[in-house]
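Input: a single structure, listed below in structure tokens.
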Number of protein chains: 2
Amino acid sequence: MSLEPAGSRSLDPHLRRYAARAAGMTASEVRALFAVASRPEVVSLAGGMPNLTALPLDTLSAQVADLITKDGLVALQYGSAHGLPELRDQICEVMALEQIRAHPDDVVVTVGSQMGLDMVTRIFCDPGDVVIAEGPSYVGALGTFGAYQADVVHVAMDEDGLVPEALREALATAESAGRRVKFLYTIPNFHNPAGVTLAVSRRAEILEICRSHQVLVVEDNPYGLLGFDGQTYPALRSMDPDNVVYLGSFSKTFAAGLRVGWVLAPHAVREKLMLAAESATLCPPTLNQMIVSRYLATHDWKGQIKSFQSAYRDRRDALVSGLEQHMPAGCSWTVPKGGFFVWMTVPEGVDTKAMLPRAVTARVAYVSGTGFYADGFGSRQMRLSFCYPTPERISEGVRRLAAVLAAELDLANTFGPISGRRAGTGPQVPGPDIA
Amino acid sequence: MSLEPAGSRSLDPHLRRYAARAAGMTASEVRALFAVASRPEVVSLAGGMPNLTALPLDTLSAQVADLITKDGLVALQYGSAHGLPELRDQICEVMALEQIRAHPDDVVVTVGSQMGLDMVTRIFCDPGDVVIAEGPSYVGALGTFGAYQADVVHVAMDEDGLVPEALREALATAESAGRRVKFLYTIPNFHNPAGVTLAVSRRAEILEICRSHQVLVVEDNPYGLLGFDGQTYPALRSMDPDNVVYLGSFSKTFAAGLRVGWVLAPHAVREKLMLAAESATLCPPTLNQMIVSRYLATHDWKGQIKSFQSAYRDRRDALVSGLEQHMPAGCSWTVPKGGFFVWMTVPEGVDTKAMLPRAVTARVAYVSGTGFYADGFGSRQMRLSFCYPTPERISEGVRRLAAVLAAELDLANTFGPISGRRAGTGPQVPGPDIA
């Protein structure tokens, strides 16, 4: 007689009660591994946690204290689902840096932009609807689309981002199969996980393709202000306000732990989003909105972003020069001009998912590419994050990873591939530490 | 030619793109009215906003400042979707006051208990599934059930809460119609909006009925510690841990604006909830969890709750004695022993929804009963909140309301009913100010 471990699905007395959508909610197989990966001796190139060491904690501390003393009865009370008016004004100023002209009424404040993504999917996607997304795409988005039983169709990228011709083909194929395509989900700037940026010359074309197919564009832009040379790009929203829903976040430019993000949407959509948000959380935390608003009003937040840019540039340099120095022949990677991530492809014969336990044993962690695809692709890819560890640790991590990869290639050359690509593993809900 | 106002649904170019569930998301007709009702000259007996004036703002301010100075890099960073371990430990201590014995692993911290409700509905309800709820029920819950296209079947209450025989009948009827009933949603203590409490003698019976019909119980308990005599009742969860999902909140015992709530669920369900929560918001705000945890660890939070109890008791007394003194014959109301709300029934011929604009003109606001039913019932009922205004303002509000009602009855007696009951208005998503 074999006993399954407590909590396994077949012992779950509630199994037959779950909604159909809950069947798709399964824990990432690598979750247990990440518990190990978070040990201090492991260099984690896996996490997407922003580096907060440059934040002015003493100033913040004093500001928040003042805010609670003077406005505590507001800060600790329910607010509206729309979000604080003064913060929505300021959000419009932030978006103006990427050429967006917007009315504060059309901004809805959310509990991180993840909630924005959840709300957009909620109001647009019926089960079986199709969402077009870059391949690879943000793992947290794939999880959300899965939770609403939407099917993801991936479209190829190259070093200039989403390939317009591939988008045209994907839309034509879906339409001829009678599928309802609801929106294109895209991260145009410093893509997570691919590290590439959609060329400005492609932006109008992508928008025109979507418009001609009557497909909405959902533009997710958490990293847009983190260009390493201070460069920004015109947001898709700035070029087609009526057909783009824009997702923004303070998680990477200020503080992820406050969970303050926003959605900018065409007016009618904004109304639906607000109603959806009310039924989801009633309102975003008032205190957190006031903290962000105060920070934007009193702190040199643009200067702060410049210091983030410079910190991340140093880390990108450490990662990329380490890769150039140590990686075995046959590896290739993207060289991001901003953001947090490098996307690496390893030689035939290596399975990045199968290799991960060996990497963690060698005290280095990454995320296997399969998590970023809804279709089982990605077993020869991995995401390397350079946002969190110091440059020195990153260099050490790359050395360790290169050694693991070299050993893996030796084995593969001697005995053949260790593990073939396994199709259909699908997206798994990650811990936020790898989002 | 008539032009509809901007934003009206027929001018929405995205109309044919929405998910089926979005059709049910419509703004409350009384939303505009509540903008008026929030003017200072109006006595609002409508809002469910807790009274925060007793909170020790200076102490809180100092604690939060210290927390950001010392632990800012944690407080401002992503956390886990599970919630902070120390807070989950403390939540178990809070629940022990209502005889719940729980393991902190089985607690999931949420962005207010509204998010807990959303997550529970997400993992259990397919479109067309039935949720049993008290009639009337919490308007925010009806909105959430609507967002997941679940159908609500109301079950009658009396002064001892949910009527077991009515529950039995509702389950039998639903089953014989071949409907899938997923759970009973119940607010056993100091019900919103009805003001009644489920008699302890009925609790085991309600649980047994649900268990025998294989229906889960979702126990929503935001007011349980706000009994005016300090009395508490054994939670349903304490009597049937395997078949009850428990929703808790710090919104009424500490600070609503922090949006910190929790779900306590059987182990297998907890796992699904956590995955659902990850795809919804990645994680609850770390800073807010640390603020609550610090408050519970260092402040006399039980003493604080006693002061809340006493403030709300004074307000309940002001409301109820005003009603006794001023209301026309034929009105009846509940007399709550805790919580925030009185539920009043007015004489035949008066429609509380039609009367509301006249009440607001007379500078008093309430919520019409129709918002608390999914089936159009409630037009002779209203919810009167005593949580927010001072006792003096409450007394004044009741005088104004009684005058409006008397005038309305005069008219009805002279000319017949002003407006008949309109069926099928259904639940509408309220602003959080009336939740």
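Readers should treat all values here as calculations from the given coordinates under stated rules, not as data from a laboratory. As the structure is a computational prediction, the values presented were derived from the model and not from experiment. For neighbour counting, all protein chains shown are included, and Cβ atoms are generated from backbone atoms with ideal geometry for every residue, glycine included.
Can you list, largest first and rounded to whole Å, the semi-axes you get for segment B:124-233 by taking the square root of 5 times each eigenvalue of its Cα gyration tensor? Intermediate results must be reported in sequence, preceding the final value.
Values: eigenvalues 110, 52, 23 Å².
Equivalent ellipsoid semi-axes, largest first: 23, 16, 11 Å.
Rank by packing, highest mean first: peptides B:140-151, B:303-314, A:206-217, with packing defined as the count of other Cβ atoms within 10 Å averaged across residues. Display every interim value, and only then the final one.
Values: B:140-151: 24.3, B:303-314: 16.6, A:206-217: 18.6.
The peptides rank, most packed first, as B:140-151, A:206-217, B:303-314.
Please state, as a whole number in µm²/s, the translational diffusion coefficient that the Stokes-Einstein equation yields for segment B:340-399 at 37 °C and 0.692 mPa s, with Rh defined as the Kirkwood radius across alpha carbon pairs.
Details: Rh = 12.0 Å.
After rounding, the answer is 273 µm²/s.
Partner chain Cβ atoms within 10 Å, averaged over the residues of A:123-130 - can you pull that number for me? Let's see the in-between values first.
On the way: counts 8, 6, 6, 6, 4, 0, 2, 0.
Mean inter-chain Cβ contacts per residue within 10 Å come to 4.
Starting from a label point 7 Å past Cα on the Cβ side, list the distances from residue A:230 to the same position in the other copies, nm, shortest first.
6.4
Consider all pairwise Cα distances in segment A:76-298 and report the whole-number % of them above 24 Å. Please report the intermediate quantities before stating the final value.
Numbers: 9693 of 24753 pairs.
Considering segment A:76-298, 39 percent of its Cα-Cα pairs are separated by more than 24 Å.
Which whole number gives the average count of other chain Cβ atoms within 10 Å of the Cβ atoms across peptide B:49-60? Please list the in-between numbers first.
Working: counts 2, 3, 2, 6, 1, 0, 4, 1, 8, 4, 1, 6.
Mean inter-chain Cβ contacts per residue within 10 Å come to 3.
If you average 1/r over every pair of different alpha-carbon atoms in segment A:281-329 and take one over that average, what Kirkwood value in Å do you get? Provide the component values of the computation, followed by the final result.
Working: mean 1/r = 0.0714 Å⁻¹.
Mean inverse Cα-Cα distance, inverted, gives 14.0 Å.
Give me the Å³ per residue figure for the convex hull around the C-alpha atoms of segment B:315-368.
Working: hull volume 4.8 nm³, N = 54.
Roughly 89 Å³ of hull volume per residue.
Calculate the spin-label point distance for residue A:297 paired with residue A:73, positioning each point 7 Å from the Cα along the beta-carbon direction, and give it in nanometres.
Modelled inter-label distance: 1.8 nm.
Are there GluC sites (Glu not before Pro) in segment B:122-185 that DSSP puts in a loop and that have at most 11 other Cβ atoms within 10 Å, and which ones?
Numbers: sites: B:134, B:159, B:165, B:169, B:175; in loops: B:159.
Sparse-neighbourhood loop GluC sites (Glu not before Pro): B:159.
Placing a label point 7 Å from Cα toward Cβ, how far apart in nm is residue B:376 from its equivalents in the other copies, listed shortest first to one decimal?
Here the equivalent label points are 5.1 nm apart from this one.
Restricted to Cα positions, what overall size does chain B have along the principal axes? Three whole-Å values, descending.
Rounded to whole Å, the extents work out to 67, 56, 54 Å.
Count neighbours as other Cβ atoms within 10 Å of each site's Cβ, and list the trypsin sites (Lys or Arg not before Pro) in segment A:327-422 that are DSSP loop with at most 13 such neighbours. Can you show the working numbers first?
Numbers: sites: A:337, A:353, A:358, A:363, A:380, A:383, A:393, A:399, A:400, A:421, A:422; in loops: A:337, A:363, A:380, A:421, A:422.
Passing both the DSSP loop test and the Cβ count: A:422.
For the pair residue A:390 and residue A:38, how long in nm is the line joining their label points, each one 7 Å along Cα→Cβ?
2.3 nm
When the expected Rg is taken as 2.2 N^0.38 Å, what fraction or multiple of it is the alpha-carbon Rg of segment B:50-96?
Values: Rg = 13.6 Å, N = 47, 2.2 N^0.38 = 9.5 Å.
My calculation over the Cα atoms of segment B:50-96 gives 1.43.
Which chain B residue comes nearest the axis with its C-beta when you rotate B onto A, and by how many angstrom?
Result for the axis mapping B onto A: B:65, 2.
Gain in length, residue B:306 to residue B:169, computed as 0.36 nm per residue apart minus the alpha-carbon separation, to one decimal in nm?
Values: separation 137, 0.36 × 137 = 49.32 nm, distance 3.95 nm.
Net length gain for the segment: 45.4 nm.
Considering the alpha-carbon set of the protein assembly as shown alone, what are its Rg and its Dmax in angstrom?
Cα-based Rg and Dmax for the protein assembly as shown come out at 27.5, 99 Å.
Could you please state, rounded to a whole Å, how far the C-alpha centre of segment B:206-275 is from the C-alpha centre of segment A:345-415?
Spelled out, the Cα-based centre of one part sits 44 Å from the other.
Using each residue's phi in segment B:222-229, evaluate 6.51 cos²θ - 1.76 cosθ + 1.60 at θ = phi - 60° and report the 3J(HN,Hα) Karplus result to the nearest Hz, with x for Gly and Pro.
3J(HN,Hα) across segment B:222-229, in whole Hz: x, 10, x, 8, 9, x, 5, 9.
Hey, if you drop one equal point scatterer on each alpha-carbon of segment A:17-152 and run the Debye formula without solvent, what base-10 log of I(q)/I(0) do you get at q = 0.10 Å⁻¹?
With one equal scatterer per Cα and no solvent, log10 I(q)/I(0) is -0.59.
Tell me the mean residue ellipticity at 222 nm calculated for chain B from its helices only (DSSP H runs of n ≥ 4, each -39500 (n - 2.57), averaged over every residue, nearest 500). Walk me through the intermediate numbers first.
On the way: 13 runs with 179 residues, N = 435.
-13000 deg cm²/dmol, from helical runs alone.
Measuring label to label, 7 Å along Cα→Cβ, what does residue A:101 give against each other copy in nm, shortest first?
Ordered by distance, the counterparts are at 6.7 nm.
For residue A:200 and residue B:329, what is the calculated FRET efficiency with R₀ set at 60 Å and r taken between the beta-carbons, to the nearest 0.05?
Values: r = 74 Å, r/R0 = 1.24.
For residue A:200 and residue B:329, the calculated efficiency is 0.20.
Considering the alpha-carbon set of segment A:239-332 alone, what are its Rg and its Dmax in angstrom?
When restricted to Cα atoms, segment A:239-332 yields Rg and Dmax of 19.2, 54 Å.
Run through the DSSP bridge list for the protein assembly as shown and note the antiparallel percent, rounded to the nearest 5.
Details: 40 of 82 bridges.
Antiparallel bridges: around 50 percent, rounded to the nearest 5.
So for segment A:205-276, what percent of the C-alpha to C-alpha distances run longer than 17 Å? Intermediate values should be presented prior to the final figure.
Numbers: 1337 of 2556 pairs.
The share of Cα pairs beyond 17 Å in segment A:205-276 comes to 52 percent.
Note the full-extension length gain between residue B:321 and residue B:66 as 0.36 nm times their separation in residues minus their Cα-Cα distance, in nm to one decimal.
On the way: separation 255, 0.36 × 255 = 91.80 nm, distance 4.52 nm.
Here the answer is 87.3 nm.
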